[in-house]
Amino acid sequence: MNFNRKSPLSWVGIAAAAMLMALNYQIFILSNAFAPSGLNGIATMVQHVFHFSVGYMSLLINVPLAVFTFFKVEREFACKTLLFSVVFSLSLLLLQNAVDLSRFVYYTGDGRSTLLAPVVSGAINGFIYACAIRMGGSTGGTDFVAAYVHKHHPEFSLMRIIFVLNVAVACTSYFVYDFNIEPVILCIIYSLITSHVSDSIMKGGERAIKVEIITAHEEELTRMLIQNLKHSVTILQAEGGYSHQDKSMLVCVINKHQIAALTESLQQFPDTFAYFSDVSKTIGNFKKIPLRAAERDPARQG
């Protein structure tokens, strides 16, 4: 899933994500007794206690934070996040006051599973969050706070900052929802699923496997890997520590689904040793090479 944050369409994408988030809140969150993570979780608890709409509360929280971030952190990030917050608030107010979604609202008070609401809403919000981040913005709230703290204290982890803020929201929900531990658990489930889904979307397509192979069959194995996997290798000279025999180390970065094919190729060389490690992100020329080019130069750097 690729988004060009510099494209004018990224602003349209931010607005569309905000409308989807408003729909998510109206159907799965606001009618059920739990608060989502972040500052919108605080807004949800305010609506639960004082019947003051999350739409208004979100504006009161995010507009000042966006202005502050505009001057103190990054202007494009602040503007796109402000756009998200405004569209989210206006869409939610429209859904609450002018659109009847009662037949679609998932209400746990009628005996339905209490887990399904945070699970589904967390997954949807994780998707929305990943899209917003990739398009150069965010969903607001704690992201403003985390971005400012991280800029002035880069040694602090952004995820740790957000985690601490979310823990505070979860603990507060215990007192708001009639001293009941269930809303705390539901908030934690929501937070974990949101984080997992957003992380999978943002990094899943960029993850790969690095393979380092120690072998005495440099040419044969290199040719086989290029022909079978369509990824080239980097060849380094090595020496066995016990035998002191000359060896080659082949370094190859492959997609996860190619592990089985690679293992099958390695089994043809019993005296070859290999190990795998995860790569969280690839940058540059990581693509399948044409077979004819591989045949011309089987040891080509890739």
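Nothing in this text is a laboratory measurement; each read-out follows from the coordinates by a stated rule. The model shown is predicted, which means the values in this text are computed figures rather than measured ones. Every residue, glycine as well, gets a Cβ built from its backbone with ideal geometry; the counts of neighbours run over all protein chains shown.
Odds and ends about this structure:
- Per the Debye calculation on segment 208-296 with a single equal scatterer at every Cα and no solvent contribution, log₁₀ I(q)/I(0) for q = 0.17 Å⁻¹ amounts to -0.70.
- Every pair of different Cα atoms in segment 9-204 enters the Kirkwood calculation, which places the hydrodynamic radius at 16.7 Å.
- Ranking of Phe50, Phe70 by neighbouring Cβ atoms within 10 Å, starting from the fewest: Phe50, Phe70.
- The dipole here belongs to segment 208-296: it is taken about the Cα centre, uses +1 on the Cβ of Lys and Arg and -1 on the Cβ of Asp and Glu, and is about 620 debye.
- For His217, net neighbour charge (Lys/Arg +1, Asp/Glu -1) across residues whose Cβ lies under 11 Å away: -2
- Largest GNM mean-square fluctuation among Ser277, Ser85, Ser31, using the chain with Cα springs under 10 Å: Ser277.
- Springs join every pair of Cα atoms under 10 Å in this Gaussian network model of the chain, and among His244, His48, His257 the largest mean-square fluctuation is at His244.
- Binned Cα-Cα distance frequencies in segment 132-248 - 5 Å width, integer %: 2, 8, 12, 13, 11, 8, 7, 7, 9, 9, 7, 4, 2, 1, 0
- Cα-based helix-to-principal-axis angle, 54-72 vs the chain, degrees rounded to 10: 50 degrees
- Considering only alpha-carbon pairs that sit under 8 angstrom and 6 or more positions apart, the relative contact order computed for the chain is 20 percent.
- Computed over the chain with a Gaussian network model linking Cα atoms closer than 10 Å, the most mobile of Lys230, Lys80, Lys72 is Lys230.
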